[in-house]
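Structure record follows, encoded as structure tokens.
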Amino acid sequence: MIKQKIFVLFYLFAFGFSSEAQLTGTAFNVKNYGATGDGKTLDSPSINKAIEAAVSVGGGTVYFPAGTYLSYSVHLRSNISLFLDQGAILLAAEPTDKGGYDEPEPNEWAINSGIRILDIVTGTIA
């Protein structure tokens, strides 16, 4: 039991208490691409730049350190994962006349550009 506790303490000191140690592979910090994480500045262009940088090398993890990232649409791609560290919030921005969200992509659930809604109580689709 004492050996296990010593091992855990050793691990924490060797790799740090930060969850950043959990990242594996190539990580792309959104702040390195211009994101501020202040909750006031629109960060979606910087987030999408970090995603594209990861795509350009075949994939990786897009890392969000603690902060509030105001964002419109985020364009996910194959072989990309998002890692929101403790204290990181991805906050939906309010659309304005200067910008907003992408239109929904066509899919099997859309009806005449509308959206089908599944009523989970009755099991019917409206």
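The values are calculated or read from the model by the stated rules, or taken from the named source; none is laboratory data. Remember, predicted model here, so these are calculated numbers, not experimental data. Counting neighbours? That spans all protein chains shown, and the Cβs are built from the backbone with ideal geometry, glycine included.
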### Task
Pull up the range 76-101, narrow it to residues that are among the small types (Gly, Ala, Ser) and touching a residue at least 40 places away in the same chain (Cβ under 8 Å), then point me to the one that is farthest from ALA35 (Cα to Cα).
GLY99
### Message
Would you confirm whether or not the range 22-33 contains a residue that is more than 12 Å from the chain's Cα centre (by Cα), surrounded by 15 or more Cβ atoms within 10 Å (Cβ to Cβ) and modelled with pLDDT under 75?
### Response
yes
### Message
For the range 50-79, give me each residue that is under 21 Å from GLU94 (Cα atoms) and touching a helix residue (DSSP H, G or I) at 6+ places or on another chain (Cβ under 9 Å).
### Response
PHE64, GLY67, TYR69, LEU70, SER71, TYR72, SER73, VAL74, HIS75, LEU76
#### Entry: Residues satisfying the stated conditions in the range 77-94, i.e. outside any strand (DSSP E or B), over 10 Å from ASP43 (Cβ atoms) and modelled with pLDDT under 95
ARG77, SER78, ASN79, GLU94
## Note on the structure
Among (1) surrounded by 14 or more Cβ atoms within 10 Å (Cβ to Cβ); (2) modelled with pLDDT of 95 or more, VAL74 falls short only on (2)
